[in-house]
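Structure first, commentary second.
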Amino acid sequence: MLTYHAINVIKNTYEENDHLALAADLETIKELGLRIIPLARVVDWHDGLLTDEEVARSVAITFDDGAWFDFYDLDHPTCGMQRSMFNILRDFNDQSGQTMQAHATSFVISSPDARTSLDKTGLIGKGWWGDQWWLEAASSGILDVECHSWDHVHPELERVAQQDQLKGDFSQVKHFADAEIQFKQAGDYIAGVLADNSPTLFAYPYGAVSDYIVNEYLPENQSGHGYRAAFTTDPRAISKTDNRWLLPRFVFGRDWKSSQGLQAILNRI
Ligand SMILES: [Zn+2]
């Protein structure tokens, strides 16, 4: 599983632009003869619903945070027009035809207030963190929308759903009341936007999670929150014996910084 952050646009180079990296990486995956499968299919395999052969030599792609850069082409203030992650997938699919189809999953921050606030502090205050695109993406067949918490316990927010207002570390979410907001309320909001399709996958902000969430809250409240698996940023390939609440992902920029770096990771799967 590979992770990108579409708001990482610093220069128009592979290393400092997650859009250019994704476009190049799709070609690398294709050249290596690997397949791209939806993240949900990986979880199906982990659940024993698909055979090893059905997912052999496959990659799943994920995007974190859910700003507009995931879906809309945008004119970046210093780097110019940026093709959205969604359109990069579409371009690739148009070129590849039936031979190969790319798919990805966007893990979005759920709270409208948190996104409005982060748009002002983290982006340039143009309203580029709205949820207008979620339903169209989820209906497209190539970009699923799943949950990345209610508010990311983001340090730029005035208040977060963590009882002691400890920010910037999702492993501090370790009480039932906070968890109900970060997981259940977040999922309920996304379901409302997605015409009642509740998210079933969760990516922990910063890849961090508490023992309480992994060992108690998620396994014991599944009928309430509705999730079937959750993802960290532990940099390794998934194995069948992994805890469903601690599935690993590689992150662009941290775990690979070049096409060669990605090849080195993919050659091991
Ligand atoms: Zn994030």
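Fewest-first ordering of F107, F252 by other beta carbons within 10 Å of each residue's beta carbon gives F252, F107.
FRET efficiency for the pair F176 and K120, taken as 1/(1 + (r/R0)^6) with r the Cβ-Cβ distance and R0 = 30 Å, rounds to 0.45. Pairs of lysines in the chain whose Cα atoms sit within less than 30 Å of one another amount to 20, provided the residues are eight or more positions apart or on different chains. The orientation-averaged projected area of the convex hull spanned by the Cα atoms of the chain comes to 13.3 nm². Gain on full extension, evaluated as 0.36 nm per residue between D75 and S223 minus their Cα-Cα distance, stands at 49.1 nm.
The packing ranking, built from the mean of other Cβ atoms within 10 Å per residue, places the peptides 147-153, 29-35 in the order 147-153, 29-35, highest first. Can you tell me how segment 104-236 classifies by the Cα gyration tensor, rounded, prolate or oblate, using a/c under 1.5 as the rounded cut? Judged from the Cα gyration tensor, segment 104-236 comes out oblate (a/c at least 1.5, b/c at or above a/b).
Remark: L89, L166, L143 ranked as L166, L89, L143, counting other beta-carbon atoms within 10 Å and listing the fewest first.
Overall form of segment 220-268: prolate. Here a/c, set by the Cα gyration tensor axes a ≥ b ≥ c, is 1.5 or more, and a/b is the larger of a/b and b/c.
The alpha carbon centroids of segment 144-170 and segment 234-266 are separated by 24 Å. In sequence order, segment 178-185 has phi-based couplings of 5, 5, 4, 7, 5, 9, 6, 4 Hz under the Karplus curve 6.51 cos²θ - 1.76 cosθ + 1.60, θ = phi - 60°, and Gly or Pro positions carry x. Farthest toward the positive end of the dipole of segment 175-230, out of Q182, A195, P219, is the Cα of A195, where the dipole comes from beta carbon charges about the Cα centre. In order along segment 99-109, phi translates into HN-Hα couplings of 5, 7, 10, 8, 8, 8, 10, 9, 8, 9, 6 Hz, rounded to whole numbers, per the Karplus curve 6.51 cos²θ - 1.76 cosθ + 1.60 with θ = phi - 60° and x for Gly and Pro. Reported to the nearest whole Å, the Cα centre-to-centre distance from segment 1-68 to segment 189-215 is 19. Magnitude of the charge dipole for the chain, about its Cα centre and with charges confined to Cβ atoms of Lys, Arg (+1) and Asp, Glu (-1), is about 480 debye.
Entry note: segment 56-157 has Rg to Rh equal to 1.00, where both radii use alpha-carbon atoms and Rh is the Kirkwood radius.
None of the figures in this text is laboratory data; all of them are computed from the coordinates on show. The structure presented is a predicted model; accordingly, all values stated were derived computationally and were not measured. Note: ideal-geometry Cβ built from the backbone for every residue, glycine included; neighbour counts use all protein chains shown.
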